[in-house]
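I have placed the structure first, in the form of structure tokens, so that the comments after it can refer back to it.
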Amino acid sequence: MIRTVHTDNAPAALGPYSQAKAVCRLVFTSGQIAIDPAEGKIVSDTIEGQTEQVCKNLGEVLKAAGTDFDRVIKTTCFLKNMGDFAAFNAVYGKYFTSKPARSCVAAADLPAGALVEVEVIAEAADKE
């Protein structure tokens, strides 16, 4: 059975998709950008500030799915500017201490003018 994951502690989807889907013991999150769920807008104009909010958002979605950063298997990261790679890594590394597999690519344009977007695949307890 496929379960839809939703929390009001992370931004609502900007389109026809969900925050995450869970199947068996895997959780697949949609990409998160730096929207503050309380304000409904991007909270910072720096890569560090945006990465911090992205990680907070992901943490809330993972929590709602019954998992956490330590159980993340794979991340896919999109940066508007690869020149931000080192600054992005400095913040990312505080959250993803288990060092999951990762892809990181440059994206010419991200939703809402974001500088960074991250999606994850994680293991969770089976809630079916």
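Of all residues in the range 38-59, count the ones that are more than 14 Å from Val116 (Cβ to Cβ) and in contact with an Asp or Glu (Cβ under 9 Å, 6 or more places away or on another chain).
Counting residues in the range 38-59 that are more than 14 Å from Val116 (Cβ to Cβ) and in contact with an Asp or Glu (Cβ under 9 Å, 6 or more places away or on another chain) gives 1.
For the list (1) in contact (Cβ under 8 Å) with a residue 60 or more places away in the chain; (2) closer than 17 Å to Glu119 by Cβ; (3) surrounded by fewer than 19 Cβ atoms within 10 Å (Cβ to Cβ), I need the number of the one condition that Ile35 fails.
The one condition Ile35 does not meet is (3).
Under 8 Å between Cβ atoms, at least 6 apart or on separate chains: pull out the pairs that start in the range 78-106 with a residue that is touching a residue at least 40 places away in the same chain (Cβ under 8 Å) and end on any residue that is in a strand (DSSP E or B) and among the acidic types (Asp, Glu).
Phe78/Glu117
Just name the residue that is nearest to Met82 (Cα to Cα) out of those in the range 4-61 that are among the hydroxyl-bearing types (Ser, Thr, Tyr) and assigned to a strand (DSSP E or B).
Thr29
Looking only at the range 42-65, filter to residues that are in contact (Cβ under 8 Å) with a residue 60 or more places away in the chain and in contact with a Phe, Trp or Tyr (Cβ under 8 Å, 6 or more places away or on another chain); which one of those is surrounded by the fewest Cβ atoms within 10 Å (Cβ to Cβ)?
Cys55
Looking at the range 15-32 only, could you name the residues that are in contact with a strand residue (DSSP E or B) (Cβ under 8 Å, 6 or more places away or on another chain) and either loosely packed, with under 14 Cβ neighbours inside 10 Å or touching a residue at least 40 places away in the same chain (Cβ under 8 Å) (or both)?
Of everything in the range 15-32, those that are in contact with a strand residue (DSSP E or B) (Cβ under 8 Å, 6 or more places away or on another chain) and either loosely packed, with under 14 Cβ neighbours inside 10 Å or touching a residue at least 40 places away in the same chain (Cβ under 8 Å) (or both) turn out to be Gln19, Ala20, Ala22, Val23, Arg25, Leu26, Val27, Phe28, Thr29, Ser30, Gly31, Gln32.
Can you find, within the range 82-128, the residue that is modelled with the lowest pLDDT among those that are in contact with a helix residue (DSSP H, G or I) (Cβ under 8 Å, 6 or more places away or on another chain) and assigned to a loop (DSSP other than H, G, I, E, B)?
Among them, the one singled out is Ala124.
The values are calculated or read from the model by the stated rules, or taken from the named source; none is laboratory data. Values in this document were obtained by computation on a predicted structure and should not be read as measured data. Counting neighbours? That spans all protein chains shown, and the Cβs are built from the backbone with ideal geometry, glycine included.
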